[in-house]
Amino acid sequence: LLSTDGVSGLEAYHNGHWLPVPHVEGSLVVNVGSLMSRWTGGKLTATLHRVAGPTSEGSHSSEGELAEAVRRPRTSIAFFADPNKDVSTNLQGDKSKRSGEEEEKEMSVADYIRWRTGGSDAGRISVAFTKEEEKRMEK
């Protein structure tokens, strides 16, 4: 969940394009994360999203609005909810795997979050798109 302040920059990847997420006063932006997407077998798709700046490639946001956003103080309040850290990322008896989907190794939610955020075992230093997410952006 995200309560925005009207400053431009949040973009979602949709139909091959990075599109600005509009600010609607009093509303919340709801993002289905990769864990929920995994649990629903892709029926709920994780939203590929980013915060764009004036030099971000492929942005459909106004360059002027993004330049202005860099100069303004901003407040973004995000809320993340995760299940118990010991819960498995694979649901018991999960038969929802889509055709052609790579076999995903089972891990605890704690290990999944550590991997997703570039924990020390992941060989990354920041959040990165998964191979599946990168494929979605190639289309």
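The H on the amide N of residue 14, modeled in the peptide plane, is under 5 Å from the matching H of 19, each at least 5 residues off or on a different chain.
Computed over all pairs of different Cα atoms, the Kirkwood value for the hydrodynamic radius of the stretch 38-90 is 14.7 Å. Here r is the Cβ-Cβ distance between residue 40 and residue 67 and R0 is 30 Å; the resulting FRET efficiency, rounded to 0.05, is 0.20. Only the Cβ atoms of Lys and Arg (+1) and of Asp and Glu (-1) were treated as charged; on that basis the dipole of the stretch 1-96 about its Cα centre amounts to roughly 280 debye. Here the relative contact order of the stretch 1-48, from alpha carbon pairs under 8 Å that lie six or more residues apart, stands at 35 percent. The calculated FRET efficiency for residue 19 paired with residue 108, based on their beta-carbon distance and R0 = 25 Å, is about 0.15.
Extension gain for residue 77 to residue 135 (0.36 nm times residue separation, less C-alpha to C-alpha distance): 17.9 nm.
Bear in mind that the values in this text are calculations on the coordinates, not laboratory data. Everything numeric in this text was worked out from a predicted model, so none of it was measured. Methodologically, a virtual Cβ is constructed for each residue, glycine included, from the backbone with ideal geometry; neighbour enumeration extends over all protein chains shown.
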